[in-house]
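Data first, discussion second: the structure below is written as structure tokens.
The values are calculated or read from the model by the stated rules, or taken from the named source; none is laboratory data. Bear in mind the structure is a predicted one, so any value in this text is a computation, not a measurement. Counting neighbours? That spans all protein chains shown, and the Cβs are built from the backbone with ideal geometry, glycine included.
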Amino acid sequence: SENLYLVNNIEVPNINHFGSQGSSSGSLSFVNLDFVENVEFSTGGFGVRYGDKMSSVMALTLRPGREDRLGGKATISATQFGLNLEGPLGQKGNFIFSARKSYLDLIFKAAGLPFIPTYTDFNLVGYYDLSPRDKLTVLGLAAIDRVDRDQSTLENRVTNAGIMDNTQNQFISGINYRRLMNRGFVDLTLNNNYNEFRFSQIDEQEVE
């Protein structure tokens with residue numbers, strides 16, 4: 001993909017659920033928007049610090065967690081429910097965490113559809129001040145997507161025969177160290193991305 005996504009200065013190949021392999025598209029973001037503090041988006045003319053991408057750059061900065069006490073909230077939307085937590089890490093740090101799961105399976109089953117997409121995601125960010133000039137940031141993201149199929153009737157099997165099963169797993173982890181200088185700053189980032197795409201198709205005789 002020629003589009004670059006950065007989350008807290010850590011590269012993420014695709015921030016979306018049910019994305020296409022090798023692309024940056026998808027149905028909805030697995031980054032919790034409650035945590036987004038700032039977004040920088042550029043479709044051209046971006047600096048060399050973003051590498052050799054040719055289309056666009058989107059840099060997301062996630063906010064720090066609260067430092068006074070542990071807090072949280074439950075969330076629910078048209079397609080998912082979740083839990084947000086945040087709080088202090090000792091005297092010099094803080095964290096934010098979220099876990100979300102879709103209930104599309106209930107909606108699709110109620111509508112009588114034989115294919116059932118589901119997704120789950122996790123976000124974890126930790127900030128820690130090593131000194132007034134040195135800051136450490138830890139990031140963990142996970143997205144688990146799958147499409148289940150109801151093969152209980154011949155009609156369902158015929159319908160599902162034309163549907164490609166798309167199971168995806170994305171796991172992103174990274175750590176960023178920033179040193180403030182008299183003029184500017186120095187960033188050091190280490191990260192690991194694991195992406196798994198599995199596709200299958202079953203005909204009406206249930207042969208995969």
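Just a few scattered comments:
- Within region 50-66, the presence of at least one residue that is outside any helix (DSSP H, G or I), more than 30 Å from ASP165 (Cα to Cα) and of a type in the set (Asp, Glu) is confirmed.
- Boolean, PHE81 is of a type in the set (Phe, Trp, Tyr), surrounded by fewer than 17 Cβ atoms within 10 Å (Cβ to Cβ) and either part of a strand (DSSP E or B) or touching a Phe, Trp or Tyr at 6+ places or on another chain (Cβ under 8 Å) (or both): yes
- Candidate set: region 73-102, residues that are of a type in the set (Val, Ile, Thr) and touching a residue at least 24 places away in the same chain (Cβ under 8 Å); chosen: the one farthest from ASN38 (Cα to Cα): THR79
- Total residues in region 67-78, condition more than 18 Å from the chain's Cα centre (by Cα) and part of a loop (DSSP other than H, G, I, E, B): 5
- Some residue of region 53-63 being in contact (Cβ under 8 Å) with a residue 60 or more places away in the chain, surrounded by 10 or more Cβ atoms within 10 Å (Cβ to Cβ), of a type in the set (Lys, Arg) and closer than 25 Å to ILE175 by Cβ: no
- Selection within region 145-177: residues that are within 23 Å of the chain's Cα centre (by Cα) and of a type in the set (D, E, K, R). The member of this set that is surrounded by the most Cβ atoms within 10 Å (Cβ to Cβ) is ASP145.
- Applying the criterion of being over 18 Å from PRO117 (Cα atoms) and surrounded by 12 or more Cβ atoms within 10 Å (Cβ to Cβ) to the residues of region 190-208, the residue that is modelled with the lowest pLDDT is GLU204.
- Entirely in region 104-186, the strands (runs of 3 or more DSSP E) that have 1 or more residues that are at pLDDT 90 or above and of a type in the set (Phe, Trp, Tyr): 115-129, 165-180
- Selection within region 176-197 - under 14 Å from TYR127 (Cα atoms) and in contact with a Ser or Thr (Cβ under 7 Å, 6 or more places away or on another chain): ASN176
- Filter pass, LEU70 being surrounded by 14 or more Cβ atoms within 10 Å (Cβ to Cβ) and over 22 Å from VAL39 (Cβ atoms): no
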